[in-house]
Number of protein chains: 2
Amino acid sequence: MMELSDIRQAYDRIKDHIVKTPIMTSTTINGMTDCTVYIKCENFQRVGAFKFRGALNTVSQLTEEEKQKGVVAHSSGNHAQALALAARMLEVKATIVMPNNSPKVKVAATREYGAEIVFCENSTESRAAVASELVEKHGYTLIHPYNDHRIIAGAGTAALELIEEVGKLDYVFAPVGGGGLLSGTAITTKGLFPDSKVIGVEPQNADDAYRSFKANKIFPSEYPNTIADGLRTQLGQLTFEAIKKHVDEIILVSEQEIVDAMRLFWERMKLVVEPSGAVSLAGLLKKGKSLSGSIVGVIISGGNIDLTDFFDSYSKQIN
Amino acid sequence: MMELSDIRQAYDRIKDHIVKTPIMTSTTINGMTDCTVYIKCENFQRVGAFKFRGALNTVSQLTEEEKQKGVVAHSSGNHAQALALAARMLEVKATIVMPNNSPKVKVAATREYGAEIVFCENSTESRAAVASELVEKHGYTLIHPYNDHRIIAGAGTAALELIEEVGKLDYVFAPVGGGGLLSGTAITTKGLFPDSKVIGVEPQNADDAYRSFKANKIFPSEYPNTIADGLRTQLGQLTFEAIKKHVDEIILVSEQEIVDAMRLFWERMKLVVEPSGAVSLAGLLKKGKSLSGSIVGVIISGGNIDLTDFFDSYSKQIN
């Protein structure tokens with residue numbers, strides 16, 4: 001079972017290469033919750049998401065032989081870009097398997113970080129099959145986006161920075177999809193202050209972690225239908241174990257509650273936050289003033305959102 | 001003529017009530033310019049813009065009698081909200097004159113900060129007339145948005161924080177509309193380091209300051225047609241004098257260059273910046289790599305932008 005010392009070791013490994021992201025506060029949010037809320041802004045992390053922490057921690061622990069052969073992942077999201085950049089920084093070849101209908105902007109960004117892209121059909125089976133083939137053919141190491149001790153330990157370093165900077169938190173809110181960020185956050189938080197409460201927040205329209213936590217067995221994420229595209233995945237065995245052990249509660253938020261939290265970040269705090277990144281605040285706001293007087297940490301997981309349409313309409317205004 | 005000591009005094013007056021805004025960096029922007037660029041994020045200031053600094057500095061210097069009677073301004077922009085909040089903090093009544101076609105979101109925000117709104121026709125004459133009437137009738141003190149020593153001194157405190165935190169800058173870029181921010185920035189920068197260069201950046205489609213600076217007389221801003229709505233105003237006598245004395249160059253940027261800079265802030269730095277606020281970066285980028293090796297300051301003036309359409313379309317996706 002992982003513990004705080006694993007997170008600390010990960011931090012020592014990556015700390016010189018990550019952004020120590022700002023912690024921000026908002027009088028509006030403090031007023032709405034009657035709490036003192038510290039917001040850890042991983043949207044300011046390299047590649048725009050906390051995922052870089054875990055990717056770097058993982059690649060840096062590969063053996064020399066593994067490094068020489070290269071890494072592979074199947075992802076069209078933040079894990080792809082995080083792994084691409086982490087690998088490039090350590091001079092390791094990265095190959096990313098992406099569905100052939102992936103948004104061009106994501107393909108371009110991943111390629112920009114130096115990864116080779118291999119396209120596959122848009123199905124879980126095809127992605128896994130193509131990745132396995134590459135592993136077999138080239139000896140690449142497959143890096144899972146969350147069900148990996150090294151990824152979880154890296155993810156936990158965001159909470160470590162947060163709590164070491166502001167002190168003990170009564171509550172910490174983190175989003176849950178595959179569970180990497182929530183696991184790492186919980187291990188860190190409970191390791192530092194066992195009586196702090198850790199709350200996972202999940203979209204109602206992708207509630208597999210909520211149900212798994214209640215039923216004590218992993219449910220698959222079937223037909224997730226949420227704008228929080230980073231949270232459509234199901235728990236892994238490792239993340240499920242950490243969550244069962246360290247998390248106090250998983251709560252659900254509606255799609256509208258996610259949009260409302262996102263809007264608050266953009267309009268009031270001037271922060272570009274992706275839907276998945278706003279889920280933790282949505283969870284805190286759902287609690288209303290019931291945590292009145294508490295010191296609360298909220299983790300923004302990332303800020304990668306396609307703004308092509310928004311800026312295209314802007315450009316049209318001026319032409 | 002104003003000098004650095006005026007800025008320092010303003011800072012002592014307001015420092016406990018403003019946000020000491022973060023200074024951010026971007027490897028992307030450093031790479032594009034071959035400079036070390038420090039970005040002062042006044043979009044994180046209270047009310048979302050640097051304007052709060054000057055408003056608070058001004059209201060706090062009113063006499064007891066003036067405070068008891070109240071203040072008035074005509075503005076539908078950031079000055080309105082800044083004055084409303086500054087007045088409320090010092091328990092002074094604020095009245096804001098706004099055109100009757102002002103966006104509802106701006107009216108609501110200004111009212112939320114406790115100001116009384118008085119509507120007028122949408123013309124410069126009507127706004128001034130209605131404000132004068134209120135001054136005469138109630139004895140309110142009219143607070144000009146930029147042509148006022150106290151406003152300029154407050155605006156200059158952003159550059160003071162920036163330079164005191166990061167040290168000497170070879171170049172400082174600030175947007176210019178009425179010239180309050182550029183004046184204050186220039187007085188501060190030259191007061192601290194006389195051989196630093198200060199560059200004002202203005203939309204090509206509202207180039208009155210550029211022409212005034214060249215011709216050595218104030219031109220009115222006729223038919224400004226720029227998305228940078230905060231920069232449509234013309235220079236005042238006080239700001240013109242400070243700019244003539246302390247600013248090295250005023251450069252122009254196109255509407256597309258403003259949108260491109262804005263997009264860079266949003267997409268790469270995850271910062272919500274309004275068009276006027278992105279003009280200073282647009283100016284730096286226009287210089288390409290010609291300042292190679294320099295240490296550069298860029299001031300983001302604010303982040304207030306109407307996101308109603310953006311979030312409405314988001315909400316539609318989920319309903």
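The values are calculated or read from the model by the stated rules, or taken from the named source; none is laboratory data. Predicted, not measured: the structure shown is a model, and the values here were computed from it. So basically every Cβ, Gly included, is an ideal-geometry build from the backbone, and we count neighbours across all protein chains shown.
General observations
- Search result, residues across segment A:269-319 that are over 15 Å from the mean Cα position of the chain (by Cα), assigned by TED's automatic domain parsing to the domain that holds A:THR27 and under 19 Å from B:ARG268 (Cα atoms): A:MET269, A:LYS270, A:LEU271, A:VAL272
- Every test in (1) farther than 30 Å from A:VAL253 by Cβ; (2) outside any loop (DSSP other than H, G, I, E, B); (3) free of Cβ contacts under 8 Å to residues at least 24 places away in the same chain is passed by B:SER290 save one, and that test is (2).
- Put simply, of B:ALA131, B:ALA153 the only residue that is closer than 30 Å to B:GLU3 by Cβ and crowded, with 20+ Cβ neighbours inside 10 Å is B:ALA153.
- Count of segment B:48-82 residues which are small (Gly, Ala, Ser), farther than 22 Å from B:LYS104 by Cβ and surrounded by fewer than 24 Cβ atoms within 10 Å (Cβ to Cβ): 2
- Test: residue in segment B:210-221 that is more than 9 Å from chain A (Cβ to nearest Cβ), touching a helix residue (DSSP H, G or I) at 6+ places or on another chain (Cβ under 9 Å) and among the β-branched types (Val, Ile, Thr): yes
- Counting the residues of segment B:153-198 that are farther than 14 Å from B:ASP248 by Cα and either of a type in the set (Lys, Arg) or not assigned by TED's automatic domain parsing to the domain that holds B:ARG8 (or both) gives 1.
- Within the option set B:GLU42, B:GLU65, being under 18 Å from the mean Cα position of the chain (by Cα) and of a type in the set (D, E, K, R) holds for one residue only, B:GLU42.
- Here the condition is being within 14 Å of another protein chain (Cβ to nearest Cβ), closer than 16 Å to A:ILE14 by Cβ and touching a residue at least 12 places away in the same chain (Cβ under 8 Å); of A:LEU62, A:LEU56, A:LEU90, A:LEU85, it holds for A:LEU85 alone.
- Restricted to segment A:119-147, and to residues there that are in a loop (DSSP other than H, G, I, E, B) and under 16 Å from A:GLU66 (Cα atoms), the residue that is nearest to the chain's Cα centre (by Cα) is A:HIS144.
- Between B:GLY297, B:GLY283, the distinction of being over 26 Å from A:TYR113 (Cα atoms), more than 10 Å from every other protein chain (Cβ to nearest Cβ) and in a strand (DSSP E or B) belongs to B:GLY297 only.
- Number of the condition not met by B:LYS316 [criteria: (1) of a type in the set (Lys, Arg); (2) modelled with pLDDT of 95 or more; (3) at negative phi]: (2)
- Residue in segment A:125-135 that is of a type in the set (D, E, K, R) and in contact with a His (Cβ under 6 Å, 6 or more places away or on another chain) present: yes
- Among the residues of segment A:161-194, those identified as crowded, with 24+ Cβ neighbours inside 10 Å and in contact with a Lys or Arg (Cβ under 7 Å, 6 or more places away or on another chain) are A:LEU162, A:GLY177.
Per-residue answers, yes or no, for (1) more than 22 Å from A:VAL97 (Cβ to Cβ); (2) acidic (Asp, Glu); (3) touching a helix residue (DSSP H, G or I) at 6+ places or on another chain (Cβ under 8 Å):
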site	(1), (2), (3)
A:LYS20	yes, no, yes
A:THR25	yes, no, no
A:GLU42	yes, yes, yes
A:PHE52	no, no, yes
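- Residues satisfying the stated conditions in segment A:28-46, i.e. within 13 Å of chain B (Cβ to nearest Cβ) and among the hydroxyl-bearing types (Ser, Thr, Tyr): A:THR28
- Candidates in segment B:168-189 are the residues that are assigned to a strand (DSSP E or B) and aliphatic (A, V, I, L, M); of these, the one that is farthest from B:ASN147 (Cα to Cα) is B:VAL172.
- Checked against the criterion of being within 14 Å of chain A (Cβ to nearest Cβ), crowded, with 19+ Cβ neighbours inside 10 Å and within 27 Å of B:VAL47 (Cα to Cα), the candidates B:GLY277, B:GLY230, B:GLY236 yield just one match: B:GLY277.
- If the condition is being closer than 24 Å to A:GLU257 by Cα and of a type in the set (D, E, K, R), then segment A:198-243 contributes A:GLU202, A:ASP207, A:ASP208, A:ARG211, A:LYS214, A:GLU222, A:ASP229, A:ARG232.
- Restricting segment A:99-110 to residues that are touching a helix residue (DSSP H, G or I) at 6+ places or on another chain (Cβ under 8 Å) and assigned to a helix (DSSP H, G or I), the residue that is surrounded by the fewest Cβ atoms within 10 Å (Cβ to Cβ): A:VAL105
- Test: A:PHE265 is at pLDDT below 95, in a helix (DSSP H, G or I) and facing chain B (nearest Cβ under 9 Å): no
- Answer from B:VAL201, B:VAL135 - the residue that is touching a residue at least 60 places away in the same chain (Cβ under 8 Å) and not assigned by TED's automatic domain parsing to the domain that holds B:GLU274: B:VAL135
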